[in-house]
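Chemist: Below you'll find the structure I mean.
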Amino acid sequence: MSDTIEFELVSPERLLVSEAVEMVVVPGSEGDFGVLGGHAPTVSSVRAGVIAVYEHGAVTARFFVAGGFAEVTPERCTVLADDAVPMGEIDRAAVEGTLPDLRDDVAAARDEVEKDAAEKALAIAEAKLAAVNAPVY
Amino acid sequence: MPSLKDLKIRISSVTSTRKITSAMKMVAAAKLRRAQEQAEAARPYAERMEQVLGALAVAAEGRPGAPAMLAGTGRDDVHLLVVATADRGLCGGFNSSIVRAARARIRSLVEAGKTVKILCVGRKGRDQLRREYGKRIIDTMTDIGKPSLTYAHVESVADKVTRMFESGEFDVCTVIYNRFKSAMTQIVTQQQLIPFAAQEAEAGEPAVPAAGTLYEYEPEESEILDALLPKNICVQLFRALLENAASEQGARMTAMDSATRNAGDMIDNLSIQYNRARQAAITKELIEIISGAEAL
């Protein structure tokens, strides 16, 4: 088994990470999964959550993703995120501030399409807040 | 021979034109930098997306029940061309090169007996295509990406394309845009969006896994492909429009730069003419005075 895996995290706006790491933990829609070198080829959808990058058994970087897809091959793990931010750049107060607005949007939605979009945005914001509040270990 | 006054008026008008073109050049240069950064930042995502889908397409090849967006509808009678141009002119050959490519494509498709539908993104493309192919233009979208292009803007275009495809209004979708290479060169590019066709990988890109790689899907393969394919349309359109925006500014900058230079040359020429005319007038007056004095 190779020791490292090429990890790439890209959002439509930029390429956040492209480096060899020991392990990444990706929040798949069916549950979190860790990816080491030599992982079986997998394609999974990603839910809103935190991607953790491990180096020598400890977390070295954490990113919040708002959903997307992950493609895993034995050599590389590519995460195509709808939106991705390093955890350090999330402003907790700002996220909390948007929550009431988003709840209003959900309540004020006139049709199904609008409601779906609003609920999605709310779920992402809530996941973001949960990620900020979660203990780092 | 124009009079002194005519020359003066022309010089001042060319001078103010030069002011405008040089201001436009500066603005384009500033916008170009932003647009270029954005376009280059979006490239990795679109390229990875294409690779992932390319790998999936290879894996799904030949299997029955593959989604129509991946494998096509089995026909290619109705073509949809998404012609992406700028909303504004004064950017050299930018718009006309796209329109020229679109025209050639339409002509060859029509000759082959296909039905062509056109979706114009940007006002200039519509203006130029309207006369010849007005009936084929099904819709025009203008003012997309103002003040700056975001992913959400493009989603509305992509949604439209996806909906039309799902209701069976076309079989093949191609987008025509200008790929940004440098401020001087833009490359007119035709990219097929539906059915999915992987573009040739550029040198230095990681190779697509060999055919037959078996992927595990989480959740189901069909669910993933159903979500991934419309998304790919959106991402590829987003990339196309970003490249187009950067190309537009690049083309405008180059065009305005040469316009400024030409205006400068013209002012020089006109000033020489003006000075000659002035000297000729003075000489004429002197001759008149001298010959008048001699006659006395």
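The values are calculated or read from the model by the stated rules, or taken from the named source; none is laboratory data. In this text, all values refer to a predicted model and were calculated from it rather than measured experimentally. Here the Cβ positions follow ideal geometry from the backbone for every residue, glycine too, while neighbour counts run over all protein chains shown.
Chemist: Can we say residue B:241 is outside any helix (DSSP H, G or I) and out of contact with any Lys or Arg (no Cβ under 6 Å at 6 or more places or on another chain)?
Modeler: Numbers: outside any helix (DSSP H, G or I): no; out of contact with any Lys or Arg (no Cβ under 6 Å at 6 or more places or on another chain): yes.
When the stated conditions are applied, residue B:241 does not pass them.
Chemist: Give the stretch B:1-50 a look and list any residue that's hydroxyl-bearing (Ser, Thr, Tyr), exposed (fewer than 14 other Cβ atoms within 10 Å of the Cβ) and part of a helix (DSSP H, G or I), or say none.
Modeler: Here is the first cut: in the stretch B:1-50, the residues hydroxyl-bearing (Ser, Thr, Tyr) are B:3, B:12-13, B:15-17, B:21-22, B:45.
Checking the rest, the ones that are also exposed (fewer than 14 other Cβ atoms within 10 Å of the Cβ) come to B:3, B:12-13, B:16.
Answer for the stretch B:1-50, where residues must be hydroxyl-bearing (Ser, Thr, Tyr), exposed (fewer than 14 other Cβ atoms within 10 Å of the Cβ) and part of a helix (DSSP H, G or I): B:12, B:13, B:16.
Chemist: To continue, here is another question. Filter the stretch A:2-44 down to the residues that are over 13 Å from the mean Cα position of the chain (by Cα), within 12 Å of another protein chain (Cβ to nearest Cβ) and hydroxyl-bearing (Ser, Thr, Tyr) and list them by number.
Modeler: If the condition is that a residue be over 13 Å from the mean Cα position of the chain (by Cα), within 12 Å of another protein chain (Cβ to nearest Cβ) and hydroxyl-bearing (Ser, Thr, Tyr), then A:18, A:42 are the ones that fit.
Chemist: Still on this model: Can you work out which of the residues in the stretch A:73-115 that are more than 13 Å from the chain's Cα centre (by Cα) and within 30 Å of residue B:59 (Cβ to Cβ) is modelled with the highest pLDDT?
Modeler: Across the stretch A:73-115, the extreme among qualifying residues is A:77.
To keep it simple, each residue is scored yes or no on (1) part of a loop (DSSP other than H, G, I, E, B); (2) touching a strand residue (DSSP E or B) at 6+ places or on another chain (Cβ under 6 Å); (3) surrounded by fewer than 18 Cβ atoms within 10 Å (Cβ to Cβ).
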position: B:52; (1), (2), (3): no, yes, no
position: B:89; (1), (2), (3): yes, no, yes
position: B:96; (1), (2), (3): no, no, yes
position: B:104; (1), (2), (3): no, no, yes
position: B:118; (1), (2), (3): no, yes, no
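Chemist: Of the conditions (1) more than 8 Å from chain A (Cβ to nearest Cβ); (2) farther than 18 Å from residue B:246 by Cα; (3) charged (D, E, K, R), residue B:48 fails just one. Which one is it?
Modeler: (1)
Chemist: Here's a check for you: in the stretch B:218-229, which residue that is crowded, with 19+ Cβ neighbours inside 10 Å and either more than 7 Å from chain A (Cβ to nearest Cβ) or touching a helix residue (DSSP H, G or I) at 6+ places or on another chain (Cβ under 6 Å) (or both) is modelled with the highest pLDDT?
Modeler: It comes out as B:229.
Chemist: Do we find a residue being free of Cβ contacts under 8 Å to residues at least 12 places away in the same chain, closer than 27 Å to residue B:40 by Cβ and aliphatic (A, V, I, L, M) anywhere in the stretch A:55-63?
Modeler: no
Chemist: Follow-up question, since we're still on this one. Restricting the stretch B:142-188 to residues that are assigned to a helix (DSSP H, G or I) and among the β-branched types (Val, Ile, Thr), which is farthest from residue B:105 (Cα to Cα)? Talk me through it step by step, then tell me what you get.
Modeler: Start the filter on the stretch B:142-188 by keeping residues that are assigned to a helix (DSSP H, G or I), which leaves B:151-166.
Now narrow it down to the ones that are among the β-branched types (Val, Ile, Thr): B:154, B:157, B:161-162.
Values: B:154: 24, B:157: 21, B:161: 19, B:162: 22 Å.
Checked the stretch B:142-188; the qualifying residue farthest from residue B:105 (Cα to Cα) is B:154.
Chemist: Sticking with this structure for a sec: If you take the residues of the stretch B:120-149 that are surrounded by 15 or more Cβ atoms within 10 Å (Cβ to Cβ) and within 14 Å of chain A (Cβ to nearest Cβ), which of them is modelled with the highest pLDDT?
Modeler: The extreme case among them is B:149.
Chemist: Condition first: buried (at least 19 other Cβ atoms within 10 Å of the Cβ) and under 30 Å from residue B:150 (Cα atoms). Can you find one or more residues in the stretch A:13-21 that meet it?
Modeler: Within the stretch A:13-21, the first condition is being buried (at least 19 other Cβ atoms within 10 Å of the Cβ), and the residues that meet it are A:16, A:21.
If we keep only those that are under 30 Å from residue B:150 (Cα atoms) as well, we get A:16.
Among the residues of the stretch A:13-21, at least one is buried (at least 19 other Cβ atoms within 10 Å of the Cβ) and under 30 Å from residue B:150 (Cα atoms), which makes the answer yes.
Chemist: Restricting to the stretch B:241-296, give me the number of residues that are in contact with a strand residue (DSSP E or B) (Cβ under 8 Å, 6 or more places away or on another chain), over 30 Å from residue B:17 (Cβ atoms) and among the hydrophobic types (A, V, I, L, M, F, W, C).
Modeler: 1
Chemist: Quick one: is residue B:248 over 30 Å from residue B:35 (Cβ atoms) and assigned to a helix (DSSP H, G or I)?
Modeler: On the way: over 30 Å from residue B:35 (Cβ atoms): no; assigned to a helix (DSSP H, G or I): yes.
Criteria not met by residue B:248.
Chemist: Oh, and also: Where residues in the stretch A:63-122 are part of a loop (DSSP other than H, G, I, E, B) and touching a Lys or Arg at 6+ places or on another chain (Cβ under 8 Å), which of them is nearest to the other protein chains (Cβ to nearest Cβ)? Lay out the reasoning, then the answer.
Modeler: First, pick out the residues of the stretch A:63-122 that are part of a loop (DSSP other than H, G, I, E, B): A:73-75, A:82-83, A:90-91, A:109-111.
Those left that are additionally touching a Lys or Arg at 6+ places or on another chain (Cβ under 8 Å): A:90, A:109.
On the way: A:90: 19, A:109: 17 Å.
Checked the stretch A:63-122; the qualifying residue nearest to the other protein chains (Cβ to nearest Cβ) is A:109.
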